[in-house]
Amino acid sequence: MSPVRLRRWAASAALAVIVVAGLAVHGLAPDTAATDIAGDALYAAAVYAAGVLLLPRRRVGVALAAAAWCVAVEVFQLTGLPLTWGAAFPPVLLVLGTVFDPRDLVVYVCAVAAAAAVDVLVTRRARPDGSGGLPRGAAQRSMGR
C-alpha cells in the first residue's frame, strides 16, 4: 500500500473512532472539566484526521491548519454566534462549541501535536524502510547513519 493510501486509510479509521468516542463523551459522560478537556482533545484530533484525508501528502501543513481551525473556532465563540445558532440547530454546537474558554486553546494545540506524532509513528512503522514516507536515504541521514 502506498504511503498516501495508508495515511488516508489510517485517518479514515481514526476519524470514525474519534467521532464515536467524542459523541460518547458528549452524550454519556457527566459534564465535568475532564470530559470537557477530553471532548476538546477529540475534536482537535478529528480535525487533524480530516486534514490528513484532504491533504495526505502534507504533514506540517495539516497540523498547522488543524491547530489554526481549532483556535479560530474557539475565538469565534467570543461573538456569541455559535450559541445563538446552536439554539436554533443543536448539532452546530458539536462543531462550533458554545462559549470561549482559554484552556481549550492549550488543549487543542497539545491534541493536534499528539495526533501528528501518532500519525508519524503509524506511518513510519508501516513503511518497510522505517522512513515514514521520507525520500530514500533521508531517514538514515536524519538518524545519523
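Numbers below:
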| read-out | value |
| --- | --- |
| Convex hull volume per residue for segment 3-130, taking Cα atoms only, in Å³ | 102 Å³ |
| Cβ charges +1 (Lys, Arg) and -1 (Asp, Glu), total dipole of segment 67-130, debye | 220 debye |
| Length released on extending from V99 to A114, taking residue separation times 0.36 nm less the Cα-Cα span | 3.0 nm |
| Charge dipole (segment 3-130, unit charges on Cβ, about Cα centre) - positive-most of V4, V109, L55 | V4 |
| Full-stretch length increase - V106, W9 - with 0.36 nm per residue and alpha-carbon distance subtracted | 32.1 nm |
| Residue order, fewest to most beta carbons within 10 Å, for V107, V120, V47 | V120, V107, V47 |
| Sequence of I18, I37 once ranked by neighbouring C-beta atoms within 10 Å, starting from the fewest | I37, I18 |
| Charge dipole magnitude, Cβ of K and R +1, D and E -1 - the chain, Cα centre, debye nearest 20 | 1220 debye |
| Mean residue ellipticity (222 nm) of the chain, computed from DSSP H runs ≥ 4 via -39,500 (n - 2.57), nearest 500 | -24500 deg cm²/dmol |
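Here, each number is a calculation from the coordinates, and none is a lab measurement. What you see is a predicted model; the values in this text were computed from it and never measured. Neighbour counts run over all protein chains shown; Cβ positions are idealised from the backbone, glycine included.
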